[in-house]
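Below: one structure, written as structure tokens.
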Amino acid sequence: MAEVTEHATNSANDELLNGYTTDMLALETHIRTAIAGQIKDLDEASEAKSTLIRIHSMCDAHVHSLESITQRREQNVGGVSKVVKQAVSSVLGAGAAAIGFVRTEKLPKDLRDTYTALSLAYVGSLMLHTCALTLGDEEIAATAKISLGDHAEAMMTLQHVIPAATVASLVKEGMTVDMTQMSTIAETIHSAWRK
């Protein structure tokens, strides 16, 4: 009887972790695709472009790691792409639709939306790490921990790119801006995270 109960518990644990893993795979895939579209819209000299290229590469690495786990564990009945398509609707409903596949808005709004999506991915990675660690799945816990750190670093980087992109957009619209305030803005960002 204890063996049956343990098998049922392991099966429930696996099902839960599979759901969290496919949700993260769907989210990372969506973010990667959306950022690829944003990158195409930027000129080569843009500081934001190099930042977005690094974030895109990060998401790509996360997608490959999660796909590898998914495939090895054979949870992908019908293939990984089918699992992702099934999961993406629930993830998008949770807020990942903040960045669309076709953007017509200006760069600061794109970066804001990317930051929002990365924040969702950060929290999702935290939840996946927590579930995996507390349910004894070290592989998924380690993968989620890497993603957690990557998303935190990407958000910190974007916090410093967004003000410059916002000011550049204001200048492009013909506004007179006080560039001496950039150091004050940098300090505001820094102090916000020290509280």
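The values are calculated or read from the model by the stated rules, or taken from the named source; none is laboratory data. Since we're looking at a predicted model, the values are computed, not measured. FYI the Cβ positions are ideal-geometry reconstructions off the backbone, even for glycines, and counts take in every protein chain you see. Accessible surface areas use protein heavy atoms only, side chains included; no ligands, DNA or RNA. Shrake-Rupley method; radii C 1.70, N 1.55, O 1.52, S 1.80 Å.
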Return yes when residue 42 is outside any helix (DSSP H, G or I) and in contact (Cβ under 8 Å) with a residue 24 or more places away in the chain and no when it is not.
-> yes
Using the structure shown, decide if residue 123 is within 29 Å of residue 191 (Cβ to Cβ), open to solvent by less than 30 Å² (accessible area, probe 1.4 Å) and out of contact with any Phe, Trp or Tyr (no Cβ under 7 Å at 6 or more places or on another chain).
-> no
Counting just the residues of segment 134-152 that are over 19 Å from residue 68 (Cα atoms) and surrounded by 14 or more Cβ atoms within 10 Å (Cβ to Cβ), which one comes out farthest from the chain's Cα centre (by Cα)?
-> 135
The helices (runs of 4 or more DSSP H) lying wholly within segment 107-195 that contain at least 3 residues that are under 30 Å from residue 12 (Cβ atoms) and out of contact with any Ser or Thr (no Cβ under 9 Å at 6 or more places or on another chain) are 107-134, 138-172
Filter segment 46-61 for residues that are among the polar types (S, T, N, Q), in a helix (DSSP H, G or I) and surrounded by 15 or more Cβ atoms within 10 Å (Cβ to Cβ) and give the result.
-> 51
When both residues are 6+ apart or on different chains and their Cβ atoms are under 8 Å apart, which pairs have a first residue that lies in segment 1-30 and is closer than 19 Å to residue 122 by Cβ and part of a helix (DSSP H, G or I), and a second that is at pLDDT 85 or above and open to solvent by 30 Å² or more (accessible area, probe 1.4 Å)?
-> 17/135; 20/127; 25/67; 27/120
Result of the Cβ filter at 9 Å on segment 115-133, keeping first residues that are at positive phi and partners that are surrounded by 18 or more Cβ atoms within 10 Å (Cβ to Cβ) and not aromatic (Phe, Trp, Tyr), at least 6 apart or interchain, is none
Just wondering, is there one or more residues in segment 170-177 that are closer than 23 Å to residue 113 by Cα and in contact (Cβ under 8 Å) with a residue 24 or more places away in the chain?
-> no
